[in-house]
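As structure tokens, the structure follows; a few thoughts come after it.
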Amino acid sequence: MKVNYDKKTDTLSVILRDDVKVAESDEDKPGVILDYDGEGKLISLEILDASKCVSETEKIEYQAV
């Protein structure tokens, strides 16, 4: 899994699988783009205008349970 914040575009991307091509993209809610593989499985998501939705865009905390 990869998480990337681009200051220039104010976009936060969460890539769950980078070894699969995107077959379909859907803007489920305004500013939230979901990418799916050919089987309909979620492979990444992108948040536009991330600084308006996410606190501390440059800080990432990861927790595995």
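Can you check what the net charge comes to around residue 48, using other residues whose Cβ is under 15 Å from the Cβ of residue 48 (Lys, Arg +1; Asp, Glu -1)?
Net local charge, residue 48 excluded: -4.
Listing 47, 15, 60 from the residue with the fewest other Cβ atoms within 10 Å to the one with the most, what is the order?
Values: 47 20, 15 15, 60 10.
So the ranking, lowest neighbour count to highest, is 60, 15, 47.
Dipole magnitude of the chain about its Cα centre, charges +1 at Lys/Arg Cβ and -1 at Asp/Glu Cβ only, in debye to the nearest 20?
Numbers: 9 positive and 16 negative charges, 40 e Å.
Roughly 200 debye for the chain.
By the scheme Lys and Arg +1, Asp and Glu -1, what is the net charge of all other residues having a beta-carbon under 10 Å from that of residue 38?
Values: positive: 21, 41; negative: 24, 37, 39.
Surrounding charge for residue 38 is -1.
Could you count how many Lys pairs in the chain have their Cα atoms under 27 Å apart, skipping same-chain pairs fewer than 8 positions apart?
Final tally of qualifying lysine pairs is 18.
Read-outs: derived from the displayed coordinates by stated rules, not from any lab. Quantities reported herein were computed from a predicted structural model and do not represent experimental measurements. Every residue, glycine as well, gets a Cβ built from its backbone with ideal geometry; the counts of neighbours run over all protein chains shown.
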